1. In degrees from 0 to 90, rounded to the nearest 10, what is the angle of the helix 232-247 Cα long axis to the longest principal axis of the chain?
2. With everything on Cα atoms, drop me the angle between helix 48-64 and the longest principal axis of the chain, reported from 0 to 90° to the nearest 10.
3. Assuming 0.36 nm per residue, please report the length gained on full extension of the stretch residue 261 to residue 137 beyond their Cα-Cα distance.
4. Multiplying the sequence separation of residue 202 and residue 47 by 0.36 nm and subtracting their Cα-Cα distance, what value in nm do you get?
5. For residue 129 and residue 249, FRET efficiency with R0 = 51 Å and r from the beta-carbon atoms, rounded to 0.05?
6. Once the Cβ-Cβ distance between residue 193 and residue 119 is put in as r, and R0 is 30 Å, what FRET efficiency do you end up with, to the nearest 0.05?
7. Taking the Cα centre of each part, how many Å lie between segment 87-101 and segment 1-79?
8. Relative to a virtual label point 7 Å from the Cα of residue 38 in the Cα→beta-carbon direction, which members of segment 57-92 show backbone nitrogen distances below 20 Å?
Ligand SMILES: Nc1nc2c(ncn2[C@@H]2O[C@H](COP(=O)(O)OP(=O)(O)OP(=O)(O)O)[C@@H](O)[C@H]2O)c(=O)[nH]1
Ligand SMILES: [Mg+2]
Ligand SMILES: [Mg+2]
């Protein structure tokens, strides 16, 4: 069809590709969830139904998009980490962020009745903002996820103590806030234990650690954790490491390799765990998550 005289407006659109060869983290956060949670009578400090709903929506997004290597969620936020070599949507920022954000929101609303059968959604309906950040090194992504998990711990310890003072200690919210001003973690642990017989260490891992979602390849790929160093694959990996040590050219994958990986990703189970991702153990056990596998 011939171009219309209006078509020149297209030239005003700006390309927005994200930096190549970097991990892409897309973080979503619920809009005004302070009032949304009150309007829907979430239990305090943690509403297990709401957290399961967040996880179910995030797991559905991870299933839809095999390029997501891992996701981490706490409270009303979720971070999705895309593989360094992803070419999904030509790495266009707006397309990536809006797709992840709107799919997540759709799933959240769609699944709501399963998790809140007695509580109909009341407008303003839930919405989420989203942003993308590129991280060049694996260490940066590890630190990003550690930052979110450390935040989860700090907030959960504060909220658990705050609501114990209010719900069990009979304080007003203002009094509880005053009581906790300037306290350190050990003080909050002490308040919980001495006044309410709560040992913070025994609180559910779900609340203390947040939720980690990833594909579990242990059944699909038994050798993932310990590749045989004499295998052709290991030799190729060494050759590639030597090459990238001098050139750092982003690795192009063949179509067959991409197809193979897609099939493998489809077979793998998407799991939700509440585990430490700050220490090395989680990553050493699952090298495929942020590595090249
Ligand atoms: N009661 C309850 N509230 C929760 C729970 N999870 C999240 N929230 C609420 O959601 C808020 C999330 O915090 P923020 O994301 O910083 O604040 P927000 O109100 O969503 O505001 P914006 O993100 O700036 O739009 C918390 O402060 C809580 O009030 C929960 O499990 N139970
Ligand atoms: Mg929010
Ligand atoms: Mg938040």
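We did not get these values from a lab; they are worked out from the coordinates using the rules stated. Everything numeric here is computed off the predicted structure, so don't read it as measured data. So basically every Cβ, Gly included, is an ideal-geometry build from the backbone, and we count neighbours across all protein chains shown.
1. Orientation of helix 232-247: about 90 degrees from the principal axis.
2. 0
3. 42.4 nm
4. Between residue 202 and residue 47, full extension yields an extra 54.0 nm.
5. Efficiency, rounded to the nearest 0.05: 0.90.
6. Once the sixth-power term is evaluated, E becomes 0.35.
7. Going from one Cα centre to the other spans 10 Å.
8. From segment 57-92, the list is 75-77.
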